[in-house]
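Inspection log for the structure reproduced underneath, given as C-alpha cells.
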Amino acid sequence: MRKIFDNILTIFVMCIIFLIVVPISPAVLDVLIIINIALSMIVMLITMYIKEALEFSIFPSVLLITTLFRVALNVSSARLILGNGGEAGKVIEAFGSFVISGNAVVGFIIFLIIIIVQFIVITKGSERVAEVAARFTLDAMPGKQMAIDADLNSGLISDEMAKERRLKIQRESDFYGSMDGATKFVKGDAIVSILIVFINSIGGIIIGMVQGDKEFSEVLSIYITATVGDGLVLQIPALMISTATGMIVTRAASVNDLGTDFKTQFLSYPTVIMITGGILLALSLIPAFPTLILVIIGAVLLLGTYSLSKRKARKAKVTENAEDLPMSETEFYKNSDNIYSLITTEPIEVEFGYSLVPLVDESKGGNFLNRVVMLRRQYAEEMGFVIPTVRLRDNAELGISQYVIKIKGEAIVSGEVLADRLLAMNQTDSAEEIEGIETIEPVFKIPAKWITEDNRERAMMNGYTIIDPLSVIITHLSEVIKTHSDELFGRKELSTLLDNYKKFNKELVEDTVPGAISMVSLQRVLCNLLSEQIPIRDLTTILETISEYAPTIKDLDILTEYVRQSLKRTITRMYVRDNTIKVITVNPDLENLLMNNIKKSGNTSYVSLDPDTMQKIITSQIREEKRLKDSLDDIIVLTSPVVRFYYKRLINQFSSQTIVLSFNEISSDTNVQAVGTISLT
C-alpha cells in the first residue's frame, strides 16, 4: 500500500494518458471534472498563502500536469457530447443550463466573453510576467553572487549561510526559467479550449440535424447548452490555474502571504481611504447618480479610516513605551535559543569598549570590517589558508577605550587605544618632545604617545611614526593570528583547502588523502608547519612529500621535518637576506648528546635529559640571545636535521620567538655566517 501511495503521481499521469484514448461514462466524467476543479482551487489558494515563490517550487510541473488533465477531460467530454446526443454528465448540464438561463444566444455570448478574458487578459499577462521575471532573475545572478562573496569575506555570514544563499539563487534561476516555459502550456490550453468550443457547437448541430429527428431549435439548445457547460467546467479551473501562475510570478518582492501583505499595505495609508470616501460623498451630490449607495460606501470608508487611525496611534504609543523598557535578562533567556548562544565559541573574536564602537560601525564611518577583509586576503596569500571569520562584539564590561582579542572564547591579548587620537612612536630618539599622553604600544611594547590630529605634521617632521587607532588594533590582531595560526587551522579549514586544490590537482589529493595519510594526520602535519610560521601555500610539494614518506614514517613530527626540508626554497626566502644568513650554531657535542637521548614511545619520540643538562642548554641559549638581540632582526639557531625538531621543542617554552632551522632547510648556495654557539660550557 505504501509503495502505491509513493507512486500515486506516476499512476495519476498514466491514467490521464489513457483518458485521452479510452471512452468513459458521464458519471465518471462528473467525478473527474469535480476533481479538476478542486485541484485547481487548491493550487490557486497555495499561491496566495506562500511567502515566496520557491516554497511552491514544483509549480511548473503541477502546471504541466493540470494542463494535461484538462486536455484529457476536453477530449473525453467532446467524445460524449458528439457521440451521446449532447449528454455528457450532470455537471456539464448544470453549468450550461445555469449560464444560458433559457436563452442560448445570450448564454453563448457570455461564455465567449469569459474565455476571451481568460485568454487575452490572464493567460497573456501571466506569460509576459513570467518571461520578464526569468530574464531579470538571470541578469541579477552575478550581482547577487558578488554580494554573497562580499558578506562572506567581511565575516557577516558563515560559509554555511553563503552556500544556502548561493543554492537559493540557483533555485530561483531554475524556477523562473521553468515558469517562462510552463506558461506556454497555459496559453496553448486556452487556444485549444476555444477551438473545441466551436468544434462541439458546429459538429453537434450537424450531427443532431443529420442523424436525429429533432427540430433545429431543439438541437441548438441541446448542443449549445452542452458546449457552454463543457467549456465552463474546464475554463473555470483553467482560469484559477492562470491566476495562480500570475500570482506566483508576481510575488518576488513579497515578505508574507498575499492576504497579510494585502491587509498590511492597503491599511498602511488611511489618508488615501479617507480621500476616496470624501470623493464618493461628493459624487452623491450629482443628479441622477445613485445617492444612497454612494453615501453608504463613502460613510463606511470614512468611519473605517477614523477607526484605523485611532488604532494605529494606540499601537504606536504602546510600541514607544515598549522600546523605552528594554527586555529584562530573565525574559531574554526564557528563549532557550538565547541560552545556546552563550555556549558557542568563535574561532576569533574582537570585543570593544564603548568609545571604540565607531571604529567598527560602518554607519558611523568605521572601516574595521574592510581592514579585516584585507587582512584575511593578505594572510591567505602569505600563509596559504583563509583564516576563519572574525566576530566583532561590544562589551560593556570593558573599559571604554579597551579591546580584547579572543581565540576560541579565551582572551589572548588586550590593549587600549584612544579613538580620537593618533599613536606616535619616537624611533629616531628625536630631541624634541611632542605633547601627548604617555603610553606603551600594545603590540611590540614600544614607548609611545597619544597625540591629537593637530600635532600630526609636527610629529612626522621630527621623525615620529604615526599610526591611527584602527591600525593599532589590526596590527595586534594580525600578530595574534600569526602566533596562533595552528589553532585556527581546523578540520573545516583543511577540507575547504583540499576541495579548492582538487580543482587544480585532483589526482594528487585523492592519491594522498586518505591513501597515504588520514585527514587527522594531515591536519597535524600542516599545524606543525603553521606553528613555526611556515607557509602551506605550496600544497603540491607538501602532498607529494607526504605521499612519498608517509607509508614508512608514522611519527608525524619526523614526517613534518621531511616536509620542511622539501620547502627549503620557501624557508630560505623567509630568513635569508642578501644571500647571507646569520645564525647561532649548536655545538656538535651537544647535538650528539641530544641524539643519544632520543626515546621512542609508540609513533612519537622525545628527548630525555636530566634537569641540570637542560638548565645548561637553556642558560646558554638565553645568553646568546641577549648578546645578539640588538644586532640581529631574527634569532636563528642552525642545527643538524636529526635534532632540529627536538631542540626546538626543548627551548620553545623559554624562548618561543627563536627560529630553529636545519642545514637541509637552507638552499645550498646560501652563505651561512655563524655569530654564536650553543654549548654546555
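For region 578-681, a crude dipole built from +1 on the beta carbon of Lys and Arg and -1 on the beta carbon of Asp and Glu, taken about the Cα centre, is about 360 debye to the nearest 20.
Annotation for residue 454 and residue 612: the two label points, set 7 Å from Cα along the Cα-Cβ direction, are 6.7 nm apart. Straightening the chain between residue 595 and residue 573 buys 5.0 nm, computed as 0.36 nm per residue apart minus the Cα-Cα spacing.
Put one equal scatterer on each alpha carbon of region 578-681, apply the Debye formula with no solvent term, and list log10 I(q)/I(0) at q = 0.13 1/Å to two decimals. So the normalised log intensities work out to -0.46.
Per residue, the average separation of C-alpha pairs within less than 8 Å and at least 6 apart gives region 267-318 a relative contact order of 40 percent. Determine Rg/Rh for region 366-422; Rg is computed over alpha-carbon atoms and Rh is the Kirkwood hydrodynamic estimate from the same atoms. With Rh from the inverse mean 1/r over Cα pairs, Rg/Rh is 1.01. When each of the peptides 614-623, 480-489, 21-30 is scored by the mean number of other C-beta atoms lying within 10 Å of its residues, the order from highest to lowest reads 480-489, 614-623, 21-30. Structural descriptor for region 543-677: relative contact order 37 percent, calculated from alpha carbon pairs under 8 angstrom and at least 6 residues apart. Taken about its Cα centre, region 489-566 carries a charge dipole of about 300 debye when Lys and Arg each add +1 at the Cβ and Asp and Glu each add -1 at the Cβ. If you wrap the Cα atoms of region 1-94 in a convex hull and average its projected area over all directions, you get 7.3 nm². If R0 is 22 Å, the Cβ-Cβ spacing of residue 42 and residue 117 corresponds to a FRET efficiency of close to 0.45. A simple count of charges around residue 371, restricted to other residues whose Cβ falls under 14 Å of its Cβ and scoring Lys, Arg +1 and Asp, Glu -1, yields -1. Distances between every pair of Cα atoms in region 394-481, grouped in 5 Å steps from 0 to the bin holding the largest one, split as 3, 14, 24, 23, 16, 10, 6, 3, 1 percent.
Computed from the alpha carbon atoms alone, the convex hull of region 551-596 holds 107 Å³ per residue. Compactness of region 489-566 was expressed as the Cα radius of gyration divided by 2.2 N^0.38 Å, which yields 0.98. Using the Cβ-Cβ distance between residue 519 and residue 631 with R0 set to 35 Å, the FRET efficiency from 1/(1 + (r/R0)^6) comes to roughly 0.20. Label positions at residue 471 and residue 151, each projected 7 Å from the Cα along the C-beta direction, are separated by 3.3 nm.
Using the alpha carbons alone, the radius of gyration of region 517-642 stands to its Kirkwood radius in an Rg to Rh ratio of 0.99. The calculated pair-distance distribution of region 267-318 uses every alpha carbon pair, bins of 5 angstrom beginning at 0, and gives 4, 24, 24, 18, 12, 8, 6, 3, 1, 0 percent.
Throughout, read-outs are computed from the coordinates displayed, never taken from laboratory work. As the structure is a computational prediction, the values presented were derived from the model and not from experiment. Reconstructed Cβ throughout: ideal geometry from the backbone, glycine too, with neighbour counts over all protein chains shown.
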